[in-house]
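Data first, discussion second: the structure below is written as structure tokens.
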Amino acid sequence: MNNNFQNNIFWQKHSITRLKREKKNGHKSIVLWFTGLSGSGKSTIANFLEEILFKNGINSYLLDGDNIRSGLCSDLSFSLADRNENIRRIGEVVKMMLHAGLIILVSVISPYRNQREMVRQMLGKKNFLEVFIDTPIEICESRDPKKLYKQARTGQISDFTGIQCTYETPNTPDVLLKGTDSLKNNSKKLIKILYDHNIISFINID
């Protein structure tokens with residue numbers, strides 16, 4: 001951005017703060033960042049968890065990588081620079097949603113450790129929980145709900161994570177889930193994490 005424009009931008013303070021919103025909501029705000037290969041179960045698990053949160057009156061929102069790329073990031077390719085910009089934009093959106101007092105579930109491959117660390121630093125460590133969905137690529141490929149692995153194997157698409165591009169496994173994720181476990185068991189683990197971090201107080205999973 002041109003420095004002359006940047007110099008004329010001033011941060012606007014809001015009278016309704018994040019703390020006030022959290023008190024009204026009856027729970028704190030945090031982001032659960034779901035990372036893993038395509039087909040690992042990220043969106044399925046996140047969606048199942050959000051249904052539970054919604055039924056219990058908890059204010060949340062699920063940001064899905066494909067949905068974001070169809071709108072906010074529709075101008076970006078899958079080059080390394082554009083992948084980084086995609087994650088940066090998502091991080092900026094999440095930052096605003098944290099101040100809105102929401103529990104944000106982000107389901108996006110985010111294949112590189114430095115991308116995920118960038119978001120952690122952007123949001124603050126206490127606001128960010130990295131959830132790694134550990135699913136063997138053989139299982140992901142056998143599921144292949146979007147037929148992307150098949151297209152990558154036949155050369156119809158390029159720069160596909162897990163085939164032409166590397167996925168960097170988190171070294172020490174905040175939460176490790178097996179993508180082959182049941183949705184209910186994985187959701188129970190996530191809810192326990194939210195309890196342990198004093199984000200929520202009561203929730204009925206049944």
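The values are calculated or read from the model by the stated rules, or taken from the named source; none is laboratory data. Note that the structure is predicted; figures quoted are calculated from it, not measured. Glycine also receives a Cβ, built like all others from the backbone with ideal geometry; neighbour counts cover every protein chain displayed.
Of all residues in the stretch 26-35, which are of a type outside the set (A, V, I, L, M, F, W, C), surrounded by 18 or more Cβ atoms within 10 Å (Cβ to Cβ) and out of contact with any Asp or Glu (no Cβ under 7 Å at 6 or more places or on another chain)? Once the filter is applied, which keeps residues that are of a type outside the set (A, V, I, L, M, F, W, C), surrounded by 18 or more Cβ atoms within 10 Å (Cβ to Cβ) and out of contact with any Asp or Glu (no Cβ under 7 Å at 6 or more places or on another chain), the stretch 26-35 yields only 27. The residues of the stretch 147-206 that are assigned to a loop (DSSP other than H, G, I, E, B), without any contact (Cβ under 8 Å) to a residue 24 or more places away in the chain and under 19 Å from the mean Cα position of the chain (by Cα) amount to a single one, 172. Entry remark, the stretch 154-199: residues being buried (at least 17 other Cβ atoms within 10 Å of the Cβ), small (Gly, Ala, Ser) and modelled with pLDDT of 95 or more number 2 in total.
Consider residue 47 carefully, then state whether it is modelled with pLDDT under 95 and either surrounded by fewer than 22 Cβ atoms within 10 Å (Cβ to Cβ) or under 20 Å from the mean Cα position of the chain (by Cα) (or both).
No, not satisfied.
Residue check: residue 110 meets all listed conditions (1) within 24 Å of residue 27 (Cα to Cα); (2) within 19 Å of the chain's Cα centre (by Cα) but one, namely (1).
Taking residues in the stretch 12-29 that are within 18 Å of residue 94 (Cβ to Cβ), and partners anywhere that are of a type in the set (Lys, Arg), the pairs with Cβ atoms closer than 6 Å and at least 6 places apart or on different chains are 22/28.
Scanning the stretch 74-106 for residues that are buried (at least 19 other Cβ atoms within 10 Å of the Cβ) and touching a Leu at 6+ places or on another chain (Cβ under 7 Å) turns up 86, 90, 91, 94, 98, 103, 104, 105, 106.
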